[in-house]
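Participant: To start, I am sharing the structure in question, which I have written as structure tokens.
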Amino acid sequence: MAELTKLESKLGEALGLAMAAQAATKKVSGMLDEDAHGLGDKLERMHQEAAETERRCTELAGEFDGKKTAILDEAHDVKGEAVEMMRTYLEGETDALDGFEFLTMAEAGELGHWSIVKKLNERAGIAAVEELADWAVPVQERHYQTVLQGSLALAGDEDPDGPAA
């Protein structure tokens, strides 16, 4: 198998997180009792954008001569780890606030990974990576703000003196 550069490895990780984000948005969507605060529609948009990120990353991986399989293997490893983390964090949870708290951590991680891809590419100077990162970073910034605001909206609905679930 081809050995990946740091940039290629981080691209694979970002791809894996986009794959996992699709599972996470679906899981948390199912935790919403109703479409409180319009969060269901926001999660659906995030799901679609994660799928688009996966598509774009997979296409880009094919441009790295002889490394597409290795990048995709890295992505699948990261996806597995992220999905396992989601299962552990949300096991037995049904409260949408818990789901949104998890998504806040996950989206912060995705934003961090894309920011790192962008920074690493400053020296590598690969135009296709720059184009993808320039698209992905604002998407991830919006996703992070969406889930943070969703978490805060759901928390605002809670009785702070009520029993913990």
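The values are calculated or read from the model by the stated rules, or taken from the named source; none is laboratory data. Owing to the predicted nature of the structure, the values given are computational and were not obtained by experimental measurement. We place every Cβ from the backbone using ideal geometry, glycine too, and count neighbours over all the protein chains shown.
Participant: Could you check residue 63 against (1) loosely packed, with under 14 Cβ neighbours inside 10 Å; (2) free of Cβ contacts under 8 Å to residues at least 24 places away in the same chain; (3) not β-branched (Val, Ile, Thr) and say which number it fails?
Facilitator: For residue 63, the exception is condition (2).
Participant: Ok, one more. Residue 85 versus (1) surrounded by fewer than 17 Cβ atoms within 10 Å (Cβ to Cβ); (2) more than 21 Å from residue 28 (Cα to Cα); (3) under 15 Å from the mean Cα position of the chain (by Cα): which is the lone unmet condition?
Facilitator: Among (1) surrounded by fewer than 17 Cβ atoms within 10 Å (Cβ to Cβ); (2) more than 21 Å from residue 28 (Cα to Cα); (3) under 15 Å from the mean Cα position of the chain (by Cα), the lone unmet condition for residue 85 is (2).
Participant: Something else now. Among 66, 38, which is the only one that is at pLDDT below 95, of a type outside the set (Ser, Thr, Tyr), farther than 15 Å from residue 23 by Cβ and in a helix (DSSP H, G or I)?
Facilitator: Details: 66 fails: in a helix (DSSP H, G or I).
Among 66, 38, only 38 is at pLDDT below 95, of a type outside the set (Ser, Thr, Tyr), farther than 15 Å from residue 23 by Cβ and in a helix (DSSP H, G or I).
Participant: Now for a separate question. Mind listing just one residue for me: the one in segment 1-17 that is charged (D, E, K, R) and at pLDDT 95 or above and, of those, nearest to residue 106 (Cα to Cα)? Steps first, answer last, please.
Facilitator: To start, the set of residues in segment 1-17 that are charged (D, E, K, R) comprises 3, 6, 8, 10, 13.
Adding the requirement that they be at pLDDT 95 or above leaves 6, 8, 10, 13.
Working: 6: 21, 8: 21, 10: 16, 13: 13 Å.
This residue is 13.
Participant: Do we have residue 73 as of a type in the set (D, E, K, R), in a loop (DSSP other than H, G, I, E, B) and surrounded by fewer than 18 Cβ atoms within 10 Å (Cβ to Cβ) here?
Facilitator: no
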